[in-house]
Amino acid sequence: MAFRRDPLALTISWMAAVGGSFVALGGNLACNDDAPPVLAADASGGSTTGGPIATDDADEDTTPIGTTCQGESTSCSCEEPQCTDTDASSEAPATTAATSTGTGDVATRCGDGAGESGELCFAAAVPYAMGIMLTDIELADLDDDGDLDVVVTDAGSNQVQVRQGDGQGRLSVVRPSPSGLTPAACVVDDFNSDDSLDIVTADAGGLTLSLLTGDGAARFAAPQSVARATAPVHLAARDLDGDGTPELAVTDGAAGTISILRAPFPFEPLATLTAGTGTTGVVFTDVSGDGALDVVALDGTDSRLLVALGNGSQFGRPRLSDFGSGPQRVVVGDFDGDDQVDLVAVHFGSASVSRALGDGRGEFSPELPLTSGTDPRDAATADFNGDGVLDIAVAVGGDNAIALLLGHGDGTFADPIAIPLNATPGAIVVGDLNRDGWLDLVTANGAGGTISVVLSTP
Ligand SMILES: [Ca+2]
Ligand SMILES: [Ca+2]
Ligand SMILES: [Ca+2]
Ligand SMILES: [Ca+2]
C-alpha cells in the first residue's frame, strides 16, 4: 500500500459559525489510507538521528502509528469517529474553508496551497502514542535539521518522550529519556551554552529540577537533578540579562513563591518572588515595554494575577490583583494592536478563557470572559488564518477538542470553532511542522498518553 503524501487527502471542510456558541466543524473528510511512516526503533539511541527523516516508504523500516484509517480502497473504515468518508475519490481536494462570525470575508479554498489571508484550514487530528500520563509539551528543533520536533513530559513513566519531525508533518518513532520523578512541566533551551538544545523538567513528585543535556541529535543524557524545597509545578525560560544563557522561572507550588534561577546547572537563585500557593502558570514577557522581561503568573487557588516588573537582573515587588475564577495558564500577545502586551488566562473547570488588555505599564484591564468550551486546560496564541491578527487556540478537555477563537484585532474574538481530537487535551503548542508557512497545532492528551497533530492545509 503506497503512502499517500498528499495532505489534501485529510483536508477538512469547515462549516460557518453563525451566531452563538460552540461551533463544530462539519463537512467532509477524505480518509487517508495509510498511517504516517516512521523511523525504525532506535533503542540504542544510534544512527537514525541527526538528519532529515527521509523515508517516505511506509513499507520500509516503519511502524504504523497514529492510525486513523485502514483500507486499500477509497472506501475505508476508521477508528476516528469523524473519519467516516466512504468515497474519498469523490471529494474535491480543495474544500470549503472555515468562516466565523463577525468579520466575515474569510477565504474559501483550503488545500489549494495558496494560503490566502483569512483562510482557516486544518486536517483531521492525527494521534501518536507518546507515553502514559502526559503533562506538558514543547516543540523545538532538537536535532538542528530545521524541522520541529516534539517533546513531552510523561509523569506516568518518569520520562521525557521525543519524536522527531520530518518537515512534512510526520513524526518519527518515540525516543524516551529518563527525567526526574513525576515531571509536571518542561522547557527547552540551551542551558549549558554548547549550542545544542537541552530540556529542563519540573519534577513535581521528586521535588527536583532536572537538566537533560542534548547532543544536538535529539538524544539526551541522564538527568542531572537539583533538589527543590517544594514541588515545582510550572516553568518558563528566557534570557533575562542578554548574556545568551537562559534564566528559569519556577513556580514553587506549596512554597507560594516563583524562583528565578540562573543557568547553567545547578541553577543558582537570582530572585524569589512572593506569590500564592496556588500559583501555576508563569511566563516571561515585557509588559512595561522597557525592553526588560517581566514575570506574569496566575494563582488558580486565590484567583489572582501576578505581575512583577523586571530590569534584566532584578524584579520589583509582585503586584497581585483579582482575576476571575481559578486561572491557571497564561499566554501573552498583543490582541488589540496597540503594541502593548495583553494576556489570555485559562480557567480550569470553567467554560471560558479570559482576555485582559495591558496598558504598557504593567497594569491590565479587568478580564473579559471568552467562551471556549468545557474545561479549558491550556492555550496558545498565533495568527492561524493569516489575516495578521492574533488568534487563540484552546485545549478544551471537557469537549475533547481544540477551540479556535479568531481575533478581530480590537481585543475581541469570534465564537469558538472546534477541531475534534477524540482525546482529552491538557496542553497545546503551535508551530509549523510541515514548513508550509502556516501554523500547525499539537496537543498532549494527559492520561490518554497520546499527542494529536493537527496540520494546516492552506
Ligand atoms: Ca528537527
Ligand atoms: Ca545545550
Ligand atoms: Ca495590546
Ligand atoms: Ca488571525
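Derivation of every value follows stated rules applied to the coordinates shown; laboratory data play no part. On a predicted model such as this, the values are computed, not experimentally measured, just so you know. FYI the Cβ positions are ideal-geometry reconstructions off the backbone, even for glycines, and counts take in every protein chain you see.
Figures for the structure shown
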| read-out | value |
| --- | --- |
| For peptides 195-208, 326-339, sequence by mean Cβ density within 10 Å, most packed first | 195-208, 326-339 |
| As computed over the range 350-458, the Cα convex hull volume per residue (Å³) | 110 Å³ |
| Angstrom value of the Kirkwood radius, inverse mean 1/r, which spans all Cα pairs in the range 169-231 | 12.1 Å |
| Over the range 235-280: Kirkwood hydrodynamic radius from C-alpha pairwise inverse distances, Å | 10.7 Å |
| Long-range Cα-Cα pairs in the range 259-409 (distance over 27 Å), rounded percent | 22 percent |
| Percentage of interatomic Cα-Cα distances in the range 278-366 larger than 18 Å | 36 percent |
| Convex hull of the range 205-335 built on C-alpha atoms - directionally averaged projected area, nm² | 8.8 nm² |
| Ranked Cys186, Cys110, criterion: other C-beta atoms within 10 Å, fewest first | Cys186, Cys110 |
| Gly449 long-range amide H proximity, modeled H, under 5 Å | Leu134 |
| q = 0.12, 0.15, 0.18, 0.26 Å⁻¹, the range 369-433: log10 I(q)/I(0) [Debye, one scatterer per Cα] | -0.26, -0.41, -0.59, -1.12 |
| In Å, descending, principal axis extents of the Cα set of the range 128-236 | 42, 31, 22 |
| Taking the C-alpha atoms of the range 180-269, convex hull volume expressed per residue in Å³ | 76 Å³ |
